[in-house]
Amino acid sequence: MRERIVMEATILFQAQGVKQVRMDDIARELSISKKTLYELFSDKEELLLEVVKVISMGFHQNVKEIICSSANVLEQIFMLYKWVIEHCREVNPLFFIELMRYPQVQTFFEQVHVQHADRIKEWLQMGVKQGLLRDDVNYEVFLRQDGFQIDKLLINPEVRNYPPRVIYDSVVLVMLRGLATDKGLEIIKQWK
C-alpha cells in the first residue's frame, strides 16, 4: 500500500505541483480513506520525502545504466542531461520550486549532493585520463560552486520560464566547452 501511495503521489505532485495536491486528493485517487493514508504517512512532508527518495533512486539507477553503456565521460554527461531534459518536460515546474519549501526534503538533497561529490569528482578525473577534460582545472573547486547541479537552475524563479533545452544549451554546453580539451571539443561538436 505504501508503494501505491508513493507512486500516485509522485504522479500528482509532478503534474500539479506539491502545494496544489492535498492528502485528500491522494486518498480519493487511490480510493482509500484519509485515515489509512495518515497511518502510513504522518503528514504530506513525510510522503513527499518518500516520493523524492524514489525519484532519486530511479535517477541514480539511470546514471549507472548510462555509465555502463557509454564510451566516455562526455558521452555519459550528454546522455544524462538528455535524460534529465526529457523527464523535466513531463514535470510541472512548480514541483521543483515547491520541493525546497520542505525542510526534510532540502536536508535530503543536501545529503545526496555531499555523498555524490566524490563520485562526481572521480568521474570528471576519468574524463581527464581519457584526454577529454582539461587537467588544469581544480575539479573540487568546480564542484563546490555547484558545477553539475542543474537542479538548482530548474528551481531558480528567474530561469524556470525557459525551456529545459535552452537552459541546457546556455549553461551545460558552455560549461562543458570550458572544461573540454581539443579532443573533448570534437566530441561535443558531434553531440551538439
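The values are calculated or read from the model by the stated rules, or taken from the named source; none is laboratory data. Just so we're clear, the structure is a prediction, and the values are computed from it rather than from any experiment. Here Cβ is always computed from backbone atoms with ideal geometry, including for glycine, and neighbour counts include all displayed protein chains. Note: accessible area is taken over every heavy atom of the protein model, side chains too, but ligands, DNA and RNA are not part of it. Shrake-Rupley method; radii C 1.70, N 1.55, O 1.52, S 1.80 Å.
Tell me, which residue of segment 137-192 that is of a type in the set (A, V, I, L, M) and surrounded by fewer than 13 Cβ atoms within 10 Å (Cβ to Cβ) is modelled with the lowest pLDDT? Walk me through how you get there before you give the answer.
Our first condition is that a residue be of a type in the set (A, V, I, L, M); within segment 137-192, this holds for 137, 141, 143, 150, 153-155, 159, 166-167, 171-176, 179-180, 185, 187-188.
Next, only the ones that are surrounded by fewer than 13 Cβ atoms within 10 Å (Cβ to Cβ) stay: 141, 166, 174.
On the way: Val141: 84, Val166: 80, Val174: 85.
For segment 137-192, the residue satisfying everything is Val166.
Evaluate segment 73-89: report whether one residue or more is in contact (Cβ under 8 Å) with a residue 60 or more places away in the chain, outside any helix (DSSP H, G or I) and either closer than 30 Å to Lys189 by Cα or open to solvent by 40 Å² or more (accessible area, probe 1.4 Å) (or both).
Restricting attention to segment 73-89, the residues satisfying the condition of being in contact (Cβ under 8 Å) with a residue 60 or more places away in the chain are 73-75, 77-78, 81, 84-85, 88-89.
Those left that are additionally outside any helix (DSSP H, G or I): none.
No, that holds for no residue.
Does Phe96 fit the bill of being more than 21 Å from Gly178 (Cα to Cα), modelled with pLDDT of 90 or more and either surrounded by 14 or more Cβ atoms within 10 Å (Cβ to Cβ) or within 13 Å of the chain's Cα centre (by Cα) (or both)? Talk me through it step by step, then tell me what you get.
Numbers: more than 21 Å from Gly178 (Cα to Cα): yes; modelled with pLDDT of 90 or more: no; either surrounded by 14 or more Cβ atoms within 10 Å (Cβ to Cβ) or within 13 Å of the chain's Cα centre (by Cα) (or both): yes.
Against the criterion (more than 21 Å from Gly178 (Cα to Cα), modelled with pLDDT of 90 or more and either surrounded by 14 or more Cβ atoms within 10 Å (Cβ to Cβ) or within 13 Å of the chain's Cα centre (by Cα) (or both)), Phe96 does not qualify.
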Any chance you could count how many residues in segment 118-136 are touching a Leu at 6+ places or on another chain (Cβ under 7 Å) and either open to solvent by less than 40 Å² (accessible area, probe 1.4 Å) or modelled with pLDDT of 90 or more (or both)? 5
I'm trying to understand the selection: among the residues of segment 10-37, which are touching a residue at least 24 places away in the same chain (Cβ under 8 Å) and out of contact with any Lys or Arg (no Cβ under 9 Å at 6 or more places or on another chain)? Thr10, Phe13, Gln14, Ala15, Gln16, Gly17, Gln20, Thr36, Leu37
Search result, residues across segment 7-41 that are open to solvent by 10 Å² or more (accessible area, probe 1.4 Å) and within 22 Å of Glu110 (Cβ to Cβ): Thr10, Gln14, Lys19
